[in-house]
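A short write-up of the structure that comes next.
The values are calculated or read from the model by the stated rules, or taken from the named source; none is laboratory data. As the structure is a prediction and not an experimental result, all values here were calculated from the model. Note: ideal-geometry Cβ built from the backbone for every residue, glycine included; neighbour counts use all protein chains shown. Remember, those area values only see protein heavy atoms, side chains included, never the ligands or the DNA or RNA. Shrake-Rupley method; radii C 1.70, N 1.55, O 1.52, S 1.80 Å.
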Amino acid sequence: MTNANSIKTVRLIIDEVKKAVIGKDKIIIKILLAVLSKGHILLEDIPGVGKTTLALAFSKALSLDYNRVQFTPDVLPTDITGFTVYNKHSGSFEFKPGASMCNLLLADEINRTSSKTQSALLEIMEEGKVTVDGSTHELPKPFIVMATQNPIGSVGTQELPESQLDRFMIKISMGYPDLDSEIEILKIKSNYTPLDSISPVADTETLISLQKVVENVHVDDKIYSYIAKLAGATREHPMIKLGISTRGAIALMQISKATALLKGRDYVIPDDVMYMYHDVFSHRLILGANARINNVSAVQILDEIAGQVKHPDFSR
């Protein structure tokens, strides 16, 4: 697939999802960039702002096999990974796939379930496979987890462990729609279901091709150095207890390549790195006591670091 065809297809996907998700164009673009980068998405929001609709819209526009799990305290790891049962007719054990055996898994309210069930997602998200009773089963490709969580402090929630947060390429929040968008949503909902208007404009093969195009976007050594310096600065900041991992730096590099493609280039510039910088880094930071005492947020610290780390100079 050529770059021109790739950009055309990406824009078709965005336009199709916009039919069902009103007034959230930037969120749609960010999620698609993560998908093109083979990343997983964490949405933190209050209930009722359209997170499930967003996931369904992407699954329809991309022709993805889709499963949804409502994460409650009684959901078991085997509900996600699958399990083996004995078949008395064949005299052997058979694998019964769990909810993860799909292209797009919506893990709804992930921070309401047990740590044991959350940990079942770790291998799935990192390696794209599940291991049950010593046997490994490959998941379909592409495979994307789109998880939602209620704001910390909501009834029945708990914080996700750092190891799991680090496996989400981005964390974003949809927020309430603005007045005009909400009026439009009310008008549309009174007549028909917006999801019914979405037509498939791509399939799994197309998405895999787009992901390969993103992989081939050029990254200059100066950009690699720039991303490494941004990550390194978080590890040395006095208000940060735990800085960005190498996995986080890789995630920023990958999504910067997808951003460059969306903007019509086959090479990355510093502005591409900055476009998703906060969305990739902020949820991976653990702030120290100084930051909490002084009411300093991760975003403020990242802004400070971005101002201190010099942009690469391509004039020479």
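Count charges around L195 for me, please; just the other residues with Cβ under 14 Å from its Cβ, Lys/Arg as +1, Asp/Glu as -1. Each step should come with its number before you reach the end.
Numbers: positive: K18, K19, K51, K60, R68, K189; negative: E16, D196.
Charge balance in the 14 Å sphere: +4.
Which whole-Hz couplings ³J(HN,Hα) result when phi for each residue of segment 175-186 is put into the Karplus expression 6.51 cos²θ - 1.76 cosθ + 1.60, θ = phi - 60°, listed in order with x for Gly and Pro?
Calculated HN-Hα couplings, in order: x, 5, x, 6, 4, 4, 5, 5, 4, 5, 4, 4 Hz.
With only Lys, Arg, Asp and Glu charged, each at its Cβ (+1 for the first two, -1 for the last two), find how big the charge dipole of segment 51-104 is about the Cα centre; round to the nearest 20 debye.
On the way: 5 positive and 4 negative charges, 27 e Å.
With Lys and Arg at +1 and Asp and Glu at -1, about 140 debye.
Counting Lys +1, Arg +1, Asp -1, Glu -1, what net charge surrounds Y86 among other residues with beta carbon under 14 Å of its beta carbon?
Residues near Y86 contribute 0 overall.
Using the Cα centre as the reference, give the magnitude of the dipole from point charges on the C-beta atoms of segment 201-306 (Lys, Arg: +1; Asp, Glu: -1; all else neutral), rounded to the nearest 20 debye.
Using Cβ point charges on Lys, Arg, Asp and Glu, segment 201-306 gives about 380 debye.
Name the residue from S256, P200, S297 whose Cα lies farthest towards the positive end of the charge dipole of the chain, charges +1 on Cβ of Lys and Arg and -1 on Cβ of Asp and Glu.
Among S256, P200, S297, the one farthest towards the positive end of the dipole of the chain is S256.
What is the log10 of I(q)/I(0) for segment 167-273, computed with the Debye formula using one identical point scatterer on each Cα and no solvent, at q = 0.18, 0.19, 0.21 Å⁻¹?
-0.99, -1.02, -1.10
Picking from L121, L64, L287, which is most flexible by a Gaussian network model of the chain using Cα springs under 10 Å?
Among L121, L64, L287, the largest GNM mean-square fluctuation belongs to L287.
Through the Karplus equation 6.51 cos²θ - 1.76 cosθ + 1.60, θ set to phi - 60°, convert the phi angles of segment 295-312 into ³J(HN,Hα) values in whole Hz; use x for Gly and Pro.
Whole-Hz 3J(HN,Hα) from phi for segment 295-312: 6, 9, 8, 4, 4, 4, 5, 5, 4, 4, 5, 4, x, 8, 7, 5, 5, x.
Give me the number: length gained by fully extending S115 to K129, i.e. 0.36 nm times residue separation minus the C-alpha to C-alpha distance, one decimal in nm.
Once the chain is fully extended between S115 and K129, it gains 3.1 nm.
If you build a Gaussian network model of the chain, linking Cα atoms that sit under 10 Å apart, which residue out of N191, N290, N103 swings the most?
N191
So how strong a dipole does the chain carry about its Cα centre when Lys and Arg Cβ are +1 and Asp and Glu Cβ are -1, to the nearest 20 debye? Each step should come with its number before you reach the end.
Working: 34 positive and 37 negative charges, 55 e Å.
Computed charge dipole of the chain: roughly 260 debye.
Stretched out fully, how many nm does the piece from R247 to T204 gain, at 0.36 nm a residue minus the Cα gap?
12.9 nm
Can you pull out the trypsin sites (Lys or Arg not before Pro) in segment 21-124 whose DSSP state is coil and whose Cβ has at most 16 other Cβ atoms within 10 Å?
K88
Longest exposed-loop-site-free stretch of the chain, with chymotrypsin sites (Phe, Trp or Tyr not before Pro), DSSP loop and at most 12 other Cβ within 10 Å?
Counting at most 12 other Cβ atoms within 10 Å as exposed, the longest clean stretch of the chain is 1-191.
Sort segment 212-296 into rounded, prolate or oblate with this rule: let a ≥ b ≥ c be the square roots of the eigenvalues of the Cα gyration tensor; rounded if a/c is under 1.5, and if a/c is not under 1.5, prolate when a/b is larger than b/c, oblate otherwise. Could the numbers behind the result be given before it?
Values: a/c = 2.88, a/b = 2.41, b/c = 1.19.
It is prolate, given that a/c is not under 1.5 and a/b is the larger ratio.
Would you please classify the overall shape of segment 143-203 from the alpha carbon gyration tensor, given that a ≥ b ≥ c denote the square roots of the eigenvalues, rounded means a/c under 1.5, and beyond that prolate means a/b larger than b/c while oblate covers the rest?
The shape class here is oblate.
Quick check: residue separation of H89 and N216 times 0.36 nm, minus the Cα distance between them. What number comes out in nm? Numbers along the way, then the final one.
On the way: separation 127, 0.36 × 127 = 45.72 nm, distance 5.00 nm.
Between H89 and N216, full extension yields an extra 40.7 nm.
Give me the net charge for the shell around A231: Cβ to Cβ below 13 angstrom, other residues only, Lys and Arg +1, Asp and Glu -1.
+2
How many percent of the accessible area of segment 1-150 is carbon or sulfur, using a 1.4 Å probe?
After summing per-atom areas, the C and S share lands at 52 percent.
What percent do you get for the relative contact order of segment 156-285 when only Cα pairs under 8 Å and 6+ apart count? Working shown, then result.
On the way: 108 pairs, mean separation 42.6, N = 130.
It comes to 33 percent, rounded to a whole number.
Taking all protein chains as present, what is the carbon and sulfur share of the accessible area of segment 201-316, in % to the nearest whole number, probe 1.4 Å?
So the carbon and sulfur contribution to the accessible surface is 50 percent.
Using only C-alpha atoms and all pairs of different ones, pull out the Kirkwood radius for the chain in Å with one decimal.
About 20.8 Å for the chain.
Please compute the per residue accessible area over the chain with all protein chains in place, 1.4 Å probe, rounded to a whole number of Å².
Numbers: 15170 Å² over 316 residues.
On a per-residue basis, the chain sits at 48 Å².
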